[in-house]
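The values are calculated or read from the model by the stated rules, or taken from the named source; none is laboratory data. Quantities reported herein were computed from a predicted structural model and do not represent experimental measurements. Cβ coordinates were reconstructed from backbone atoms using ideal geometry, including for glycine residues, and neighbour counts include every protein chain displayed.
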Amino acid sequence: MASGILLYFLPRSEPGLNWSFAFLPVLALAVWLAGRRPGLAWCAAMFAMLGLGFAIAAWHGQRMAPALELPRTAAVFEGQVIDVDRLPEALRITLAAAIWPGSGEPAARHIRIRLRADDALRPEPGSRIAVRALVRLPSAPTHPGAWDYQRAAWFSGLGGSGFALGPARLVEGQGAAPPLSATRQAMETRVTAALPGATGAIAAALITGGQSAIPPAEMAAMRDSGLAHLLSVSGLHIAIVMGLVFMLLRAAIALWHWLALRVDSKLWASAAALAAGGFYMVLTGAEVPMQRSFAMAALVTLAVLLGRRAVTLRSVAIAAMIVLALNPAALLGPSFQMSFAAVLALVAAHDWARGRWPRTAGPRPWWRGPAMLLGGVVITSIIAGLATMPIGLAHFGRLQWYGVLSNAVAVPLTSMLIMPAGLAAALAMPFGLEAWPLWLMGLGVRAVLWVAHAVAALPGATSVAEPLPGWGLALCGLGMVWLCLWRGWLRGLGLPVIAVAVATPWMMAAPDALISADGRLIALRAASGEVFVQRLAGGSRFTADGWLRGMGETQSRSLPAEGSAQDIHCNNGLCRLERAPGRPQLAVLRPPPPPPRGRNARQDMVPPAEPPCGVAAVILSPEPIRGRCEGSHVVDRFAVWRDGAHAVWLTANGPVVLSDRAHRGDRPWVPQRPAPRYQPANLPVAAAE
C-alpha cells in the first residue's frame, strides 16, 4: 500500500483518477483465488494493495482546495482563529475562511500569521480578528531534491504564512472552535504560568503536544542528545496515560467489593483507558505519531480483551494502513517514517526474543527488577536508534552518538515522574489544584534538560554527513522490512540491502553549485568539499543552512573578494570554478558595489563584469543577463524567477543543470510558471524578458 502511494508522488505530472481504481477487480480476483490457489491469491492481493495505495493518494491529492491568490503587498486579513501557537517571542495564529481586499469568497485554505511581540491582544480559538500582515505562499524547496514545503502545505490545508505589520484587533462575530483547541490553549497558559521559561514550554509540549514555544537552545540540546523523541507526543506518552488510567480504575473497582463481584474490571478499565487515549490524541492535535500510537493501543486493547497476542507485526501493519488512508502524504515525512521504523524494529525484536530469554526458578534477587528495567531501556534505545538512524540521516543529515546514554536516564524519568505528574496535573486543573503536580513535573523536566545539555556538550555528540537520497531511503526501508518480516536465515538478506542503502550518499555526487530562487544566494563547492557562499542583501539564512545539510557540511565560507581559494578564482567582479583540465568551467557574476553617494556618484559607478560567454560552460548571475550568450548555459535572475532554485554538476560529459521546476514537474502543489506583467504581442516570454 505504501509503495502504491509512493508511485503517485514519483511522476512529474499529475496522474488521473480514471484508471486508479483498477485495483478493485484485482482484489476480487484475490478473494476468488483465496481458497483455490493461495500463492496466486497472495500475488493478486499484493497488486491490489498497490493499486489501493495509489488510488487513495490520487483521491486525496485531487480533493484538496486549490492554491490561494494572495496579494503581492501587505493587506488586512480577517478570519476566524482556529489555533494559537506559542512561540518563544510571540504568538502565531491560524485563520480559517480568511478574507482580504479583493479576495472575493473566503479562503478555502488556512493562513498562518505570526503576531508582533508587543501585541497586547491574546486571541482565543473561535474568536474573529483582523490584522494587517504580509502573507506569502508556502516556501519552495531550498534546492532541487530538498524537502518540498509546498507539497506538505498542500496536503495539510495551509495556504500561506506571514507576519503581522500592525496590532491585531477583535472583530464582531464568534465561530465554533475546533475540538479541544480552547482547552489546549487554557492548559498551556496554566502550565507556563506555574512553570515559566523552557521548563514550562517543555511541560506544556508533553501535555498538549505544542512544541513551538520551546526555545531554540533547548530544542537543539534535546535533538543533539537524542532526546527529541520525548517532545513528540507518541507511543511512550499515550502508553503511560492509558496504562495509568487502566491501572487506577481497575484497582478502584477491585477495592469496591460490591462492584468487583458484579462487573468485569478489565473490560471497564480498558474502555476507560481507550477513552483517555482518544481524548489525549485529540488534545495534542492528532499528529501522525499519535495516530499510529492510538491505533496500535486500540488494537492491543482489543487483543487483550479477546485473549489474543497483543504485540504483533500485524497490528503495526494495520495501524500503518489506517494512518496512510487518512493522510497518504505522511509517508514522505520523517515523523511517519521514524515512528513506524522504531515500532517495527521493536516489535520484531520482541517477537524474536520471545522464548529465548532465560528464565530462572526460585526467588529473584532485589536487584533483578531495576537491572531488567535499565537493561530494557538500553536495549530498546539501541534498537530504535539503529532503526531510525538512516531516516534521520536522510532528512536531517545528522547522527547522535550518545542517545543510549541520555535515554537511559531520561526515559525512566519521563515514565515514572514526568508523565504521571503531568496526568495528575491535567486531572487537577478543573479544580485549580495543579500547582503541586506541576511542581513535581517541573523537577523531572529540569533533570531531563540537564541531561540533554550535558550529553549534547560531550565531544563528538553529533556528526554531520551527506543525507541519503530518496532512492537510498526507499532501499533502506525495503531492507528493514525484509529483516523484520522474514524468519530464519532468510531475514539476514536484509542486512546487505541496508548496508548498500546507507552507502548511497557516496554513490551520488553533491552539486558543484547552487543558486537560490531569488538569486540572492549562490554556493560553490570546492574540490575538497568546502562550501563557499555569495550572500547578497536579503539572502535567506534558512536556505543557506538547508544547502549545507544537503552537502553534508556544517559551515561555509564567503567567496573571496579577490584572489583564489582552492579551485575558485575571483577577480574583476567574476568568480570561476575550475575543476581538472578538460572539465567544464563555471562562472559567477558578482554585482558591482553600490556607488557612493554624492555629486559625482554616476562617474564613480563600477560597471558590471562582462559574462564570459562561450568560455564558461555555465554562468550564474543574481542579476538579469541581457541579450544572447552563445556557448554558455545562463542561469540568471530571470531563470530562477521562472523555474526556482537551480543546481549544477560539472561532469566529464559536460555540465548538468537542474531546476526545481524540472525536478518537481507539473503537480497541483507546484505554482504555475510566472509570466512577465508586460509582454509584447507575438513575442515569446524569454524574448519579452
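Structure data summary
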read-out: Some residue of segment 12-28 being free of Cβ contacts under 8 Å to residues at least 60 places away in the same chain, of a type in the set (Gly, Ala, Ser) and surrounded by 13 or more Cβ atoms within 10 Å (Cβ to Cβ); value: yes
read-out: Of all residues in segment 409-457 being within 26 Å of the chain's Cα centre (by Cα) and at pLDDT below 90, the one that is surrounded by the fewest Cβ atoms within 10 Å (Cβ to Cβ); value: SER415
read-out: One residue from ALA319, ALA325, ALA341, ALA310 being part of a helix (DSSP H, G or I) and more than 24 Å from ALA55 (Cβ to Cβ); value: ALA341
read-out: Scope segment 627-677; condition at positive phi and either touching a Gly at 6+ places or on another chain (Cβ under 8 Å) or of a type in the set (Lys, Arg) (or both); matching residues; value: GLY631
read-out: Count of residues meeting criterion [surrounded by fewer than 18 Cβ atoms within 10 Å (Cβ to Cβ) and under 18 Å from ALA647 (Cβ atoms)] in segment 567-582; value: 1
read-out: Number of positions in segment 220-268 that are modelled with pLDDT under 85, assigned to a helix (DSSP H, G or I) and among the polar types (S, T, N, Q); value: 0
read-out: Pair list, Cβ under 7 Å, 6 or more apart: segment 616-644 residue touching a residue at least 60 places away in the same chain (Cβ under 8 Å) and over 22 Å from GLY538 (Cβ atoms), other residue among the hydroxyl-bearing types (Ser, Thr, Tyr) and assigned to a loop (DSSP other than H, G, I, E, B); value: VAL618/SER632
read-out: Every residue from segment 310-357 that is free of Cβ contacts under 8 Å to residues at least 24 places away in the same chain and under 20 Å from GLY488 (Cβ atoms); value: ARG314, TRP352, ALA353, ARG354, GLY355, ARG356, TRP357
read-out: Options PRO674, PRO668; residue that is outside the structural domain of PRO15 (by TED's automatic domain parsing), within 30 Å of GLN62 (Cβ to Cβ), modelled with pLDDT under 90 and not acidic (Asp, Glu); value: PRO674
read-out: When residues of segment 538-553 are limited to those that are of a type in the set (D, E, K, R) and either in contact with a helix residue (DSSP H, G or I) (Cβ under 6 Å, 6 or more places away or on another chain) or free of Cβ contacts under 8 Å to residues at least 40 places away in the same chain (or both), the one surrounded by the fewest Cβ atoms within 10 Å (Cβ to Cβ); value: ARG541
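Condition check ((1) surrounded by fewer than 16 Cβ atoms within 10 Å (Cβ to Cβ); (2) farther than 26 Å from GLY519 by Cβ; (3) in contact with a Ser or Thr (Cβ under 8 Å, 6 or more places away or on another chain); (4) not aliphatic (A, V, I, L, M)) across all residues:
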| position | (1), (2), (3), (4) |
| --- | --- |
| LEU115 | no, yes, no, no |
| LEU134 | no, no, yes, no |
| THR142 | no, no, yes, yes |
| ALA146 | no, no, no, no |
| GLY162 | no, no, no, yes |
| ALA168 | no, yes, no, no |
| GLY173 | yes, yes, no, yes |
